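Have a look at the structure below, then the notes.
The values are calculated or read from the model by the stated rules, or taken from the named source; none is laboratory data. For clarity, every value in this text was computed on a predicted model and none was experimentally measured. FYI the Cβ positions are ideal-geometry reconstructions off the backbone, even for glycines, and counts take in every protein chain you see. What goes into the accessible areas is simple: the full protein's heavy atoms, side chains included, and nothing from ligands, DNA or RNA. Shrake-Rupley method; radii C 1.70, N 1.55, O 1.52, S 1.80 Å.
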Amino acid sequence: MRMVDLIIKKREGFELSEEEIRFWISGYVKGEIPDYQSSAMQMAILFKGMTKNEVSVLTDAMEHSGETLDLSNIKGVKVDKHSTGGVGDKTTLVLGPMVAACGGVVAKLSGRGLGHTGGTLDKLESIPGLSIAIEGKRFEEQVNRIGLAVAGQTKSLVPADKKMYALRDVTGTVESIPLIAASVMSKKLASGSDAILLDVTVGDGAFMKNMDSARELASVMVEIGKKLGRDTRAIISDMSEPLGLAVGNNLEVKEAIAALKGNGPEDLMELCYTAGSIMLVQSNIYKTTVEARKALKENVDNGKAFEKLCLMVEAQGGDVSYIKDPSKFEMAKNIVPVVSKEDGYIKDIKALTIGVSSMKLGGGRETLEDTIDMSAGIVLAKKVGDFVKKGDVLCTIYTNKDEKTYNEIIGEIYTAYSFSTEKVPHTSVIKEVIE
Ligand code: URA
């Protein structure tokens with residue numbers, strides 16, 4: 001078999017056989033197929049698509065390209081959630097403790113942020129002392145004891161995705177539904193959970209820019225998961241404006257702490273209650289999402305959800321005093337408001353622009369080697385649909401960059417906003433639930 005023939009076959013729009021897909025993935029991981037041929041194949045897939053059968057074979061080949069986790073020593077139904085990425089998405093930090101407080105078992109592997117999107121691991125590492133490098137017996141023991149652990153993906157898990165994602169990032173082939181579906185699902189399946197909830201984000205700050213493509217991605221992933229024996233469901237959530245108010249690592253941890261005490265922004269609370277109630281039904285703890293939502297609210301109100309976060313931070317070596325007193329978190333030197341230059345209803349706050357600006361303020365990485373300033377980011381004061389007067393604060397920047405640099409970034413942040421003289425409705429963060 002020759003790789004060039006497979007590239008031409010896909011370029012002409014034909015279906016690849018199982019043997020051909022496995023030949024590509026195993027050859028690529030072993031280094032027998034070079035990056036340039038794999039990129040050409042990925043570009044051909046971006047243009048010509050893949051059948052459902054091709055996507056499931058690709059997912060399976062990627063899942064088994066390295067080690068897979070065996071969570072059978074962990075008791076109960078292990079439930080995982082995965083977001084396809086966004087700005088201000090601190091859901092895992094809120095949802096994990098909430099679900100664990102209601103008896104759910106969350107053994108989660110998370111990733112780092114790149115570009116305009118943040119990563120759960122970086123947010124967790126803004127808590128002094130906390131380690132995400134927990135593996136094997138220690139991971140199992142923690143989940144069995146407190147029902148919750150969030151760790152970093154090991155190098156040996158799905159090596160095919162690491163190589164393919166790095167290539168996609170620099171060859172304009174990230175936004176392909178079959179490639180995103182196989183990338184996400186191969187990692188979720190390899191991490192061993194019994195049930196998977198996918199949060200497919202849609203809008204300016206997400207890979208899927210409209211509902212049709214978000215629906216298609218969600219249904220392809222749900223079908224793959226079900227076919228491979230996992231209870232897989234999906235939510236489509238709005239990422240046209242950032243989620244919640246805070247964007248940036250320790251700023252988001254502080255918002256997550258507030259949310260676990262019931263004081264989070266409305267959209268974040270709604271996403272966590274909706275996702276959490278589906279996860280508890282998937283775990284067979286509650287029969288209906290109505291009962292599950294009630295239990296989640298009770299565990300927020302009685303402080304048990306917050307207590308779970310404290311237990312997780314402690315188990316992973318973090319300093320719990322920061323969780324109990326968030327004012328201890330390091331503060332950026334420069335805290336500067338961005339004010340409105342006009343009166344009107346906020347029509348749009350472009351999540352992508354806010355995400356990129358937060359990264360430039362020091363809160364994110366442009367390349368994987370960059371270091372992050374944990375205190376940097378942006379906190380919104382208003383959301384889409386709110387009315388502002390000229391001079392009102394739209395958001396506040398947190399940065400250690402110099403004045404000239406941050407003033408330029410403030411100019412860019414302002415372009416994220418558009419205004420209307422007409423009333424703009426507040427829309428729901430949940431667009432659709434696919435079960
Ligand atoms: N998240 C992933 O893990 N992979 C993709 O391809 C896109 C989002």
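Each residue of segment 237-242 was assigned a 3J(HN,Hα) from its phi angle through the Karplus expression (A = 6.51, B = -1.76, C = 1.60, θ = phi - 60°), giving 10, 6, 10, 7, 10, x Hz with x at Gly and Pro. Annotation note: chymotrypsin sites (Phe, Trp or Tyr not before Pro) in segment 1-109 located in DSSP loop regions with a Cβ neighbour count of at most 13 within 10 Å are PHE14. Label sites at ASN263 and LYS383, each approximated as a point 7 angstrom past Cα along Cα to Cβ, lie 1.7 nm apart. Using a cut-off of 30 Å between Cα atoms, the listed pairs LYS163/LYS324; LYS226/LYS261; LYS155/LYS261; LYS162/LYS360 include LYS163/LYS324; LYS226/LYS261; LYS155/LYS261 as exceeding that distance.
Only the Cβ atoms of Lys and Arg (+1) and of Asp and Glu (-1) were treated as charged; on that basis the dipole of segment 10-68 about its Cα centre amounts to roughly 240 debye. Of the trypsin sites (Lys or Arg not before Pro) found in segment 192-288, those that fall in a DSSP loop while having at most 16 other beta-carbon atoms within 10 Å are LYS209, LYS261, LYS287. Using θ = phi - 60° in the Karplus curve 6.51 cos²θ - 1.76 cosθ + 1.60, the 3J(HN,Hα) couplings for segment 52-57 round to 4, 5, 4, 5, 5, 5 Hz; x is entered for Gly and Pro.
Annotation: amide H-H contacts under 5 Å for LYS81 (H modelled 1.01 Å from N, sequence separation of 5 or more, or interchain): LEU197. A straight chain from THR421 to TYR36 at 0.36 nm per residue would run longer than the Cα-Cα distance by 133.5 nm. Residues in segment 36-74 near a label at ASP5, defined as backbone nitrogen under 18 Å from the 7 Å Cα→Cβ point? Counting backbone N atoms under 18 Å from the label point, the list is 37-38, 41. Scanning residues 5 or more positions from ASP231 or on other chains, those with amide H under 5 Å from its amide H are ILE196, with H placed 1.01 Å from N in the peptide plane.
Mind pulling the angle between the C-alpha long axis of helix 18-30 and the longest principal axis of the chain? Nearest 10 degrees, somewhere in 0 to 90. Relative to the chain, helix 18-30 is tipped by roughly 70 degrees.
Could you tell me which GluC sites (Glu not before Pro) in segment 126-167 are loop residues by DSSP with no more than 13 other beta carbons within 10 angstrom of their beta carbon? Here the GluC sites (Glu not before Pro) that fit, given the DSSP loop and packing criteria, are GLU135. Couplings for segment 256-261, taken from phi via the Karplus curve 6.51 cos²θ - 1.76 cosθ + 1.60 with θ = phi - 60°, read 5, 4, 4, 5, 5, 9 Hz in order; Gly and Pro are left as x. Counting protein heavy atoms only, the chain has 51 percent of its accessible area on carbon and sulfur, 1.4 angstrom probe. Solvent exposure of the chain amounts to 41 Å² per residue of accessible area, where only protein heavy atoms count and the probe is 1.4 Å. The alpha-carbon of LYS75 sits under 12 angstrom from the alpha-carbons of these aspartates and glutamates, leaving out residues fewer than 8 places away in its chain: GLU140, GLU141, ASP194. Amide H contacts under 5 Å for ILE33: TYR28, restricted to partners 5 or more places along the chain or on a different chain, H placed in the peptide plane at 1.01 Å from N. Select from THR353, CYS395, MET331 the residue farthest towards the positive end of the dipole of segment 331-420; place +1 on Cβ of Lys and Arg, -1 on Cβ of Asp and Glu, and compute about the Cα centre. Positive-most Cα among the choices belongs to CYS395.
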